[in-house]
């Protein structure tokens with residue numbers, strides 16, 4: 001073999017070794033790149049909460065996975081996520097509301113159970129009973145909780161002090177307070193129902209405070225009627241406030257944040273709203289417990305068990321997720337103290353993880369936590385307590401009522417007919 005051929009063979013061999021080595025380094029580098037887990041959610045705009053803080057906190061501590069989150073408008077999300085699920089192209093994870101909405105997509109076989117995540121990380125010991133209720137469907141875990149919100153009245157402390165009234169404990173006291181505030185030239189109650197859902201609390205609480213949680217559960221399941229005396233009585237409590245002019249004019253023209261801002265400026269004295277109200281502190285220039293406070297919905301019938309109302313937000317795993325195992329790892333880590341603290345700090349919500357320090361919360365959040373510890377029953381708000389097609393019927397009825405309060409009995413009869421039709425179509 002001549003020297004030229006031998007040299008050529010040596011060069012080819014060396015290049016092959018270098019190529020193999022380089023390829024190995026490329027494969028090694030590729031293996032070290034974090035796996036992207038996509039997360040679609042409705043935490044946007046005035047309801048953005050601490051999702052950026054949570055995601056940044058999570059990604060800063062991880063090297064194997066990266067959580068890539070995409071916010072979607074709160075109302076648009078309700079439709080867009082159903083389209084994605086039906087089209088078989090869902091994200092790896094998405095946010096959802098515990099209760100009937102999760103049950104609805106569980107029944108449609110759109111979600112994967114995450115019992116193994118709960119068992120491997122002892123999560124059953126981590127969340128309180130009300131939150132556990134929102135995690136379990138048909139005997140399996142499908143939901144990883146991120147927030148627990150509560151709906152009370154938030155009120156302007158200066159307005160109450162100027163008028164000389166205190167937070168009422170009973171319905172009669174509440175009406176007296178509203179009348180005094182109205183006579184002082186201030187709207188007693190701000191309501192912004194343009195997106196429909198903020199009005200739901202005005203059926204939730206009157207019904208729960210008079211008929212109780214068991215009857216309300218039957219109504220939500222289609223086992224009771226919207227024309228029942230119990231519902232009529234609750235609706236008439238709401239109508240009393242409408243007839244007496246205790247609400248701001250034309251509630252359907254405003255959203256929840258605009259109505260809350262009325263309380264901040266003193267145009268209105270109070271609003272029945274979730275603890276996400278506290279997330280407006282910065283934009284309103286307010287300080288919790290200094291400029292505003294809260295009180296629970298007043299007692300109407302002292303013989304009826306006390307119930308707290310509110311949503312629990314969380315994350316679910318689609319049955320057709322592209323990276324299910326990676327998504328499960330992320331779910332487990334989102335239950336940790338760090339991400340839960342980051343998400344809920346300043347948002348008004350309580351973190352479901354019982355190990356999150358009280359130092360995370362402001363003084364009003366601590367008051368909410370102490371209050372909820374004393375209330376024996378928890379109820380999801382209306383649009384999370386009844387199947388989505390039925391919830392749409394009710395939400396439309398609430399908006400219609402605010403436009404035409406004198407037609408409330410007609411509205412109730414039409415609501416009952418439409419609700420029964422929606423229930424029948426679900427069977």
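The residues on offer are 209, 194, and the sole one that is assigned to a helix (DSSP H, G or I) and either touching a strand residue (DSSP E or B) at 6+ places or on another chain (Cβ under 9 Å) or outside the structural domain of residue 76 (by TED's automatic domain parsing) (or both) is 209. Looking only at region 98-113, residues that are under 20 Å from residue 37 (Cα atoms) and touching a helix residue (DSSP H, G or I) at 6+ places or on another chain (Cβ under 7 Å) come to 3 in all. The set of residues in region 330-357 that are over 20 Å from residue 117 (Cα atoms) and either outside any helix (DSSP H, G or I) or assigned by TED's automatic domain parsing to the domain that holds residue 293 (or both) comprises 345, 346, 347, 348, 349, 350, 357. Residue 325: within 30 Å of residue 116 (Cβ to Cβ), out of contact with any helix residue (DSSP H, G or I) (no Cβ under 9 Å at 6 or more places or on another chain) and surrounded by fewer than 16 Cβ atoms within 10 Å (Cβ to Cβ), yes or no? Judged against the criteria, residue 325 is a match. Flag: residue 150 does not match the condition of being farther than 25 Å from residue 382 by Cβ and touching a strand residue (DSSP E or B) at 6+ places or on another chain (Cβ under 9 Å).
Among the residues of region 269-285, none is identified as more than 23 Å from the chain's Cα centre (by Cα), at negative phi and either surrounded by fewer than 21 Cβ atoms within 10 Å (Cβ to Cβ) or not assigned by TED's automatic domain parsing to the domain that holds residue 162 (or both). Taken residue by residue, region 382-389 has no member that is in a loop (DSSP other than H, G, I, E, B), more than 19 Å from the chain's Cα centre (by Cα) and closer than 20 Å to residue 209 by Cβ.
The residue that is farthest from residue 236 (Cα to Cα), counting only those in region 404-422 that are crowded, with 17+ Cβ neighbours inside 10 Å and touching a residue at least 24 places away in the same chain (Cβ under 8 Å), is 422. Among the helices (runs of 4 or more DSSP H) confined to region 22-122, the ones with at least 2 residues that are modelled with pLDDT under 95 are located at 51-61, 74-86.
The values are calculated or read from the model by the stated rules, or taken from the named source; none is laboratory data. Keep in mind the model is a prediction, meaning the values are calculated, not measured. Counting neighbours? That spans all protein chains shown, and the Cβs are built from the backbone with ideal geometry, glycine included.
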